[in-house]
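Worksheet for the structure shown next.
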Amino acid sequence: MIRMILAVAAGGLAGTLIRFGVASWVSANWPKHFYLATMGVNLLGCLLIGYLYATFLVRPDISPEWRGGLIIGFLGALTTFSSFSLDGLRLLESGQLATTFGYISISVLGGLMAAWAGLALGRL
């Protein structure tokens, strides 16, 4: 159990730092488009989870620690639905209805398509 805890913690640290880096970069370069950081990491996370899921299906020899570290730790820290929800509300409250609709649509539909693409890539 301690190995799983350490794997999830290590994955979480990496995912958190990457997410922080992306958010900092977007805020510094595109402050009016703050939501792009959340949308980008969520789409990337969906692609990666699809790919990892496919990989784990054909590679049962990959340890539970690696699986937990990557999916629960890394992807759990990299992508956050709560940030997505807050960004959507902030856009809505600022009266940017078209941007709000686009952001939510691309994030949800794009996330599903990215997860499918990751699964397809992993099955190659």
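Against the chain, whose longest principal axis comes from its Cα atoms, helix 35-58 is set at around 20 degrees.
How big is the convex hull of the Cα atoms of segment 2-123, per residue, in Å³?
Values: hull volume 10.4 nm³, N = 122.
In segment 2-123, the Cα convex hull volume per residue is 85 Å³.
Using a cutoff of 8 angstrom between alpha carbon atoms and counting only pairs six or more residues apart, the relative contact order for the chain works out to 43 percent. Here segment 59-99 is treated as a Stokes sphere of Kirkwood radius computed over C-alpha pairs; at 25 °C and 0.890 mPa s its diffusion coefficient rounds to 196 µm²/s.
For the chain, the longest principal axis of the alpha carbon atoms and the long axis of helix 97-123 meet at an angle near 20°.
Can you give the net charge of the other residues whose Cβ lies under 12 Å from the Cβ of Tyr53, counting K and R as +1 and D and E as -1? Residues close to Tyr53 contribute a combined charge of +3.
Compared with the dominant Cα axis of the chain, that is its longest principal axis, helix 81-93 is turned about 10°. Every helix of 4 or more DSSP H residues in the chain counts as -39500 (n - 2.57), and over all residues that averages to -26500 deg cm²/dmol at 222 nm.
Computed from the coordinates by the stated procedures, all read-outs in this text should not be read as laboratory data. Because the structure is predicted, anything quoted here is derived from the model rather than measured. Don't worry about glycine lacking a Cβ; one is built from the backbone with ideal geometry, like all the others, and counts go over all protein chains shown.
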